[in-house]
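The structure appears right after this line, and notes come after that.
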Amino acid sequence: MRLDTDFIRAQFPAFQVPALQGQAFFENAGGSYTCKQVIDRLTRFYTERKVQPYAPYDASTLAGAEMDEARTRMAALLGVDADELSFGPSTTQNTYVLAQAFAEFLQPGEAIVVTNQDHEANTGPWRRLAKRGIEIREWRVDPVTGHLDPEDLEALLDENVRLVCFPHCSNVVGEVNPVIEITALAHAAGAFVCVDGVSYAPHGFVDVGSLGPDIYLFSAYKTYGPHQGLMVIRRVLGGLLPNQGHEFNGDALYKRFTPAGPDHAQVAACAGMADYVDALFDHHIGGPASPTERGRAVHDLMRDHEEALLAPLLDAVSGRNAVRLIGPGTAAGRAPTVALALERPGEEVAAELSRHGIMAGGGDFYAGRALSAMGVDDRLGVLRLSFTHYTTAEDVAQLIDALDKVL
């Protein structure tokens, strides 16, 4: 079944804005457009329900109910219980809170495995625990391909490792890591698993319950929603880690790791992401299905569409002189996040592309460790071209034409 991009684009007000007409958006890894379902819910909350929630008057009761709806419906999409999902101001902030909880939980001499493929948000907070006596072991990428080899992880695992942190996919390498296999290796060694899903979730919400990690993190503003970080912490681990919230919230799993008061309106608006998945499912497939089944079906539709568009882009850049494609050269098994190392600054090339109607980015994208490990000059960074399921074949053709002119 083919994705109906006309229907999909009708769900995003940005595609109807006159100033954006003719502009092809290829910096989705930095943040996606927002769907109208989220915008409508956010507008309604700020207009009708911007009061302290959970009090016994109508506006407040409705406000609390919308917040609860967001958590319940998004958790169902992700295949976990409602109280295993927390909302925080960003994934970076959520990870720092988790690191503080592990700092209290772990003993000196115990170990955490991190990678040098990650965005800084899922490596920096854990590395800082070395100051607390926690051993940090680095699972390193292949310096040519950027690949993380599970066999290299096995060599790092022993009875001292308590946590393994890695990305579902890197925001510069793009390769989709085998979460189920890696999680099984870590669990067999007695370690918990923390997966940074920020760069994967825009390409389809995953069934976290089936994947198996103990922690799964991603950002709503990259999945068509407001600027919030969503964090799944499975019940067993959540009950073991020390409470990081207010003392009186310690018995509520979804409040234990959100010390700051939640942004009520943005939490409530996250239900719009579930509305959007339902709209796509009903339009393309229809019929009875559980929220998790709907999420899986929409995920597969998105990925099939993205892979079909990614193949010609990879072909167009792979054969160019003075262009190094970071990550796999085939569309299967990678996200549509394409980083190119050039002989001049990526940011400079992105500026030139903008004159041809291409919105893209340049730099290191907080993945400096990964790029340095692969020998990329940190003064140049990379040009990053990233898209998602609302991108069309015409957009990709416009990008390839612009690359021909600029490169």
Exercise. Pick from segment 146-157 the residues that are touching a strand residue (DSSP E or B) at 6+ places or on another chain (Cβ under 8 Å) and part of a loop (DSSP other than H, G, I, E, B): which of them is surrounded by the fewest Cβ atoms within 10 Å (Cβ to Cβ)?
Worked result: H147
Exercise. In segment 23-56, which residue that is touching a strand residue (DSSP E or B) at 6+ places or on another chain (Cβ under 6 Å) and in a loop (DSSP other than H, G, I, E, B) is farthest from I400 (Cα to Cα)?
Worked result: Q23
Exercise. If you check every pair at least six apart or on different chains, which have Cβ atoms under 8 Å apart with a residue in segment 363-382 that is more than 10 Å from H119 (Cβ to Cβ) and open to solvent by 50 Å² or more (accessible area, probe 1.4 Å) first and a residue that is in a helix (DSSP H, G or I) and among the hydroxyl-bearing types (S, T, Y) second?
Worked result: D378/S372
Problem set entry | Unique match (being within 24 Å of D275 (Cα to Cα) and either outside the structural domain of Q107 (by the TED database) or modelled with pLDDT of 95 or more (or both)) among P226, P167 | P226
Problem set entry | Listing of helices (runs of 4 or more DSSP H) fully contained in segment 227-319 that carry 1 or more residues being open to solvent by less than 30 Å² (accessible area, probe 1.4 Å), under 26 Å from D68 (Cα atoms) and free of Cβ contacts under 8 Å to residues at least 12 places away in the same chain | none
For this session: Please give the number of the condition A201 fails out of (1) among the small types (G, A, S); (2) free of Cβ contacts under 8 Å to residues at least 12 places away in the same chain; (3) surrounded by 20 or more Cβ atoms within 10 Å (Cβ to Cβ).
Result: (2)
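Take the residues in segment 162-193 that are in a loop (DSSP other than H, G, I, E, B) and touching a helix residue (DSSP H, G or I) at 6+ places or on another chain (Cβ under 8 Å), then tell me which one is most open to solvent (accessible area, probe 1.4 Å). Before you say what the answer is, go through the steps one by one.
Just the residues of segment 162-193 that are in a loop (DSSP other than H, G, I, E, B), to begin with: 168, 170-174, 177-178, 189-191.
Retained after the next criterion (residues that are touching a helix residue (DSSP H, G or I) at 6+ places or on another chain (Cβ under 8 Å)): 168, 170-173, 178.
Details: H168: 10, S170: 1, N171: 10, V172: 0, V173: 0, P178: 50 Å².
Across segment 162-193, the extreme among qualifying residues is P178.
The values are calculated or read from the model by the stated rules, or taken from the named source; none is laboratory data. Note that the structure is predicted; figures quoted are calculated from it, not measured. As a convention, Cβ positions derive from the backbone with ideal geometry for all residues, glycine included, and neighbour counts pool all protein chains shown. Remember, those area values only see protein heavy atoms, side chains included, never the ligands or the DNA or RNA. Shrake-Rupley method; radii C 1.70, N 1.55, O 1.52, S 1.80 Å.
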